[in-house]
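Enquirer: Input: one structure, supplied below.
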Amino acid sequence: MKPYIEMSVEELSEELDQLKKEYKTIQALGLHLDMSRGKPCQEQLDLSMGLMDVLDSDSDLTCEDGTDCRNYGQLTGISEARELIGDMMENNPKDIIIYGNSSLNVMFDTISRAWTHGIMGNTPWGKLDEVKFLCPVPGYDRHFAITEYFGIKMIPVPMTLTGPDMDLVEKLVSEDEAIKGIWCVPKYSNPQGISYSDATVRRFARLKPAAPDFRIFWDNAYGVHHLYDDRQDYLIEILAECKRAGNPDLVYKFSSTSKITFPGSGIAALATSPNNMDDFTKHLRIQTIGHDKVNQLRHVRFFKDIHGLTEHMRKHAEILRPKFETVITTLEEDLGGLEIGSWTNPLGGYFIMFDSMPGCAKDIVSRCKKAGVIMTGAGATWPYGKDPNDSNIRIAPTFPSLADLKSAMKVFTLCVRISCAKKLLAEKKEAA
């Protein structure tokens, strides 16, 4: 089929009539398919059921250093967990704090402490006239929700195929001391699934922010979430690069096992410089006596070491790879050549990004919902939920079964075609 833009009014009208008939047929099926969030599916969760068996009432819950995991103590986490997560994050265990189950919780708390008490002796953000944050777009909606919650002004920075527009990032942070941070998902980004280039990471490490308390919030949520053994993105380790650049305190690096084991019962971690570690633990000593060490030990006993974790992630990839390939294949078969949308083809992570014709995203998502397929809300990938082009849609393939995903994607591509055909037909009629 030729591109929609090249079709005549008559051809587009005929195409739209046929598409609407298909849509009514699908509506009659009464589908209920959810692709709104990047959640692991049941098969992925089942991979970690062994976590429930590694400890029981007869288990020795003593760490290698003699710590009894049932009791108080070990504010920054048990040494075995810091070593395991350190290998996963590619950081020295001494530079890591192990938290509870949610890295998002750690990010929220980090912003909250900066707001009330400041960073390393600097003025608390809440006492300043204005606080700003850079937000690579499209980006992660829950990041944006945190900064919006605190009333922090969010400044969109366009994403490129190699990461955020670093010319703009460098200019903004060097000129405005009200800019206190930037959100980053540097590997298999949410929603694009791209990874920052070597040059981008090096430029981040060499930023010269006007604000002494500026921090890069480096959310490496998908650092080990590859889809292929033989094709994987590589990411320069940011803390080491910052140290080489003479900027050791510039980064807070976050990670977790949320999509590795159980999202509700994993372990989260922060890696950062010794100076930042001291700043964090000063507050942490007031906040808690320690996080769940039994769960930390459970994870260590389950994986044993980084090799066990790596093998575990291969099992995840075997489940997810067919789903990602199904999405890409359906997009290519149903939309290829029509010139009404573009999409990413990531090598890992949890999402595929789709860009429709401008002005169509909300309509596409709405049509999908009316046909029984729930997508991430249009605009969610932008601060304040406002996509200026109304074109960006996040596709989350992980949660549905493969069969349901195939059905959902057929609904999605049909809705894309209807929305774009309708828009182009109206434009052509108006031009005539």
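The values are calculated or read from the model by the stated rules, or taken from the named source; none is laboratory data. If you're wondering where the values come from, they're calculated on a predicted model, not measured in any experiment. Note: ideal-geometry Cβ built from the backbone for every residue, glycine included; neighbour counts use all protein chains shown. Note: areas computed on protein heavy atoms with side chains; ligands, DNA, RNA excluded. Shrake-Rupley method; radii C 1.70, N 1.55, O 1.52, S 1.80 Å.
Enquirer: Out of the strands (runs of 3 or more DSSP E) lying entirely within the stretch 69-187, which hold 3 or more residues that are farther than 30 Å from Ala378 by Cα?
Expert: It comes to 96-98.
Enquirer: May I ask you to list the residues in the stretch 371-395 that are farther than 28 Å from Phe150 by Cα and in a loop (DSSP other than H, G, I, E, B)?
Expert: Ala371, Gly372, listed by residue number.
Enquirer: Same structure, new question: Can you name the residue in the stretch 348-361 that is in contact (Cβ under 8 Å) with a residue 40 or more places away in the chain and in contact with an Asp or Glu (Cβ under 8 Å, 6 or more places away or on another chain) and, of all such residues, is surrounded by the most Cβ atoms within 10 Å (Cβ to Cβ)?
Expert: Out of the qualifying residues, it is Cys360.
Enquirer: From Ile395, Ile364, which residue is buried (at least 23 other Cβ atoms within 10 Å of the Cβ) and either within 19 Å of the chain's Cα centre (by Cα) or basic (Lys, Arg) (or both)?
Expert: Exactly one residue qualifies, and that residue is Ile395.
Enquirer: On the given criteria, is Ile97 within 25 Å of Ala240 (Cβ to Cβ) and either of a type outside the set (S, T, N, Q) or open to solvent by 20 Å² or more (accessible area, probe 1.4 Å) (or both)?
Expert: Answer is yes for this residue.
Enquirer: A further question on this structure: So, of the residues in the stretch 132-148 that are of a type in the set (Phe, Trp, Tyr) and under 12 Å from the mean Cα position of the chain (by Cα), which turns out to be nearest to Ile194 (Cα to Cα)?
Expert: Among them, the one singled out is Tyr140.
Enquirer: Name every residue in the stretch 120-130 that is open to solvent by 10 Å² or more (accessible area, probe 1.4 Å) and either modelled with pLDDT under 95 or of a type outside the set (Gly, Ala, Ser) (or both), in order of residue number.
Expert: Matches in the stretch 120-130: Met120, Asn122, Thr123, Pro124, Lys127, Leu128, Asp129, Glu130.
Enquirer: Now a separate question. From the residues in the stretch 5-43 that are within 14 Å of Lys410 (Cα to Cα), in contact with a helix residue (DSSP H, G or I) (Cβ under 8 Å, 6 or more places away or on another chain) and not acidic (Asp, Glu), which one is surrounded by the most Cβ atoms within 10 Å (Cβ to Cβ)?
Expert: Met35
Enquirer: Considering only the stretch 334-356, I want to know if a residue exists there that is of a type in the set (A, V, I, L, M) and part of a helix (DSSP H, G or I).
Expert: yes
Enquirer: A follow-up question, please. Ser265: open to solvent by 40 Å² or more (accessible area, probe 1.4 Å) and of a type in the set (S, T, N, Q), yes or no?
Expert: Yes, satisfied.
Conditions (1) open to solvent by 20 Å² or more (accessible area, probe 1.4 Å); (2) under 25 Å from the mean Cα position of the chain (by Cα); (3) of a type in the set (Ser, Thr, Tyr); (4) within 17 Å of Arg298 (Cα to Cα), marked per residue:
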site: Ser59; (1), (2), (3), (4): yes, no, yes, yes
site: Thr62; (1), (2), (3), (4): yes, no, yes, yes
site: Gly66; (1), (2), (3), (4): yes, no, no, yes
site: Cys69; (1), (2), (3), (4): no, no, no, yes
site: Gln74; (1), (2), (3), (4): yes, no, no, yes
site: Arg82; (1), (2), (3), (4): yes, yes, no, yes
site: Glu90; (1), (2), (3), (4): yes, yes, no, no
site: Pro93; (1), (2), (3), (4): yes, yes, no, no
